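**Student:** Have a look at this one before I ask anything.
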Amino acid sequence: MPSTKAYTLFLSPLFSPSLPALHAMSGLMLLSLIPTVLLGFSVVLSAAELQRFEHAAKADGSLSLLVVGDWGRRGAYNQTEVALQMGIMGEKLDIDFIISTGDNFYEGGLNGVDDPAFYESFTRIYTAPSLQKQWYNVLGNHDYRGDVEAQLSPVLREMDSKWLCLRSFIVNTEIAEFFFVDTTPFVNKYFLEPKDHVYDWSGILPRKSYLSNVLEDLDMALKESVAKWKIVVGHHTIKSAGQHGNTVELNLQLLPILQANNVDLYINGHDHCLEHISSSESPLQFLTSGGGSKAWRGDVAWWDPKEMKFYYDGQGFMSVQITQTEVDVVFYDVSGEVLHKWSRTKQISSAVL
């Protein structure tokens, strides 16, 4: 059952937001009060840390969720069919929430809070009762080609209460902690070689300071986490055999932090495929769920078979089930057929008396 925690907001005395930021936070407070009760999360804001949301697990302490990415095409390229199967599986697994790995609206994000693409690609598509749970969304590179603030705006939560999108934030379920990272600003080519694309970098510049703060806050949050399972979510790949391949900047800057803090899973989109790569350097697993609509058939590079556990160049999505001792990951295709399963177990730590 969802939590009915009251909405809580903490602001540091040293935090002095701009008027637009203050207005946005006030709107979030007002618009999120009712959804907090209905959808089962509460939020804590802090100036020096990533915004944190508390989302209660089930009464038995377990957690179930779906992951989909690269989807927003007004139902085209089998987006509607993937959504249908997500609804079926969501009901079967009694999911607690859904994660979107970004590129939420093609080709160029939203052009404002009144953009009909929000309804046509999100609200109208994901209509199954089981999908009316909280959606935690990160931004992808295509989202940065539109009005980024529109996707972050509390106005969209008023239109559809299951929507929540921020740049970087944390969702704590006690049993597992999810760290959402805004990966697009890390990628150099969007700044140096944008081609004919125009990116919305408002709120990002100066870039060096922004990235430094994201990495520092993430590292601190991971170090302080006492969750049994640590899961990091971003749009861009760290390791992938798909069209985009490895994201060099994330390998250099983000990956060492994940490895140093014993992160269990890195979940991403960006490559339009379903994929599971293990690591020879650590227990960290790399999971790509970018098959929410248009897929890239036959676009796969060679990868060491000792690390490449699964690759599918079609549409689909992923489920994650978590208990104190086990994580189970399953990939599904557009027809709901199981393509790949993976599990990891951990022992329950003995209490020190």
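**Student:** What is the local net charge at Pro256, summed over the other residues whose Cβ is closer than 11 Å to its Cβ (Lys, Arg +1; Asp, Glu -1)?
**Tutor:** On the way: positive: none; negative: Asp219, Glu281.
In short, -2.
**Student:** Also, I was wondering about something else. When a/c reaches 1.5 or more, the comparison of a/b and b/c decides; with that in mind, is region 59-345 rounded, prolate or oblate per its Cα gyration tensor?
**Tutor:** Since a/c stays below 1.5, the shape of region 59-345 is classed as rounded.
**Student:** With +1 on each Lys and Arg Cβ and -1 on each Asp and Glu Cβ, and nothing else charged, work out how big the dipole of region 80-145 is about its Cα centre, in Debye to the nearest 20. Please list the in-between numbers first.
**Tutor:** Numbers: 4 positive and 10 negative charges, 23 e Å.
Here the size comes out at about 120 debye.
**Student:** Now, a different point. Is region 199-261 rounded, prolate or oblate when judged by the Cα gyration tensor, a ≥ b ≥ c being the square roots of its eigenvalues, rounded requiring a/c under 1.5 and prolate requiring a/b larger than b/c?
**Tutor:** Details: a/c = 2.08, a/b = 1.12, b/c = 1.86.
Oblate, because a/c is 1.5 or more while a/b does not exceed b/c.
**Student:** Among the aspartates and glutamates, select those whose C-alpha is under 14 Å from the C-alpha of Lys239, and discard any that sit fewer than 8 residues away in the same chain.
**Tutor:** The reachable aspartates and glutamates, counting only those whose Cα sits under 14 Å from Lys239, are Glu249, Asp271, Glu275, Glu281, Asp304, Glu307.
**Student:** In addition: Using r as the Cβ-Cβ distance of Trp342 and Glu216, and R0 as 35 Å, what FRET efficiency do you calculate, to the nearest 0.05?
**Tutor:** On the way: r = 32 Å, r/R0 = 0.90.
The calculated FRET efficiency here is 0.65.
**Student:** Considering only C-alpha atoms, what is the centroid distance from region 311-340 to region 114-139, in Å?
**Tutor:** Here the two parts' Cα centres lie 21 Å apart.
**Student:** For region 164-269, which whole percent of the accessible surface, found with a 1.4 angstrom probe, sits on carbon and sulfur atoms? Walk me through the intermediate numbers first.
**Tutor:** Numbers: 2150 of 4060 Å².
Heavy-atom surface of region 164-269 belonging to carbon and sulfur, 1.4 Å probe: 53 percent.
**Student:** How much net charge surrounds Gln51 when only the other residues with a Cβ under 11 Å from the Cβ of Gln51 are counted, with Lys and Arg +1 and Asp and Glu -1? Spell out each step's value before the answer.
**Tutor:** Details: positive: Arg52, Arg167; negative: Glu49, Asp217.
Here the count lands on 0.
**Student:** In whole Å, what is the distance between the alpha-carbon centres of region 246-278 and region 141-200?
**Tutor:** 17 Å
**Student:** Rounded to the nearest 0.05, what FRET efficiency do Asn188 and Lys309 have when you use their Cβ-Cβ distance and R0 = 35 Å?
**Tutor:** Values: r = 30 Å, r/R0 = 0.84.
Approximately 0.75, to the nearest 0.05.
**Student:** Quick check for you: with a 1.4 Å probe and neighbouring chains kept, what is the accessible area per residue of region 59-345, in Å²?
**Tutor:** Values: 10710 Å² over 287 residues.
Dividing the accessible area of region 59-345 by its residue count gives 37 Å².
**Student:** If you stretched the chain out fully between Tyr119 and Glu174, how much longer would it get, using 0.36 nm times the residue separation minus the C-alpha to C-alpha distance? Show your work: numbers first, answer last.
**Tutor:** Numbers: separation 55, 0.36 × 55 = 19.80 nm, distance 3.27 nm.
My answer for the length gained is 16.5 nm.
The values are calculated or read from the model by the stated rules, or taken from the named source; none is laboratory data. Because the structure is predicted, anything quoted here is derived from the model rather than measured. Every residue, glycine among them, receives a Cβ derived from its backbone with ideal geometry; neighbour counts consider all protein chains shown. All accessible areas refer to the heavy atoms of the entire protein, side chains included, with ligands and DNA or RNA removed. Shrake-Rupley method; radii C 1.70, N 1.55, O 1.52, S 1.80 Å.
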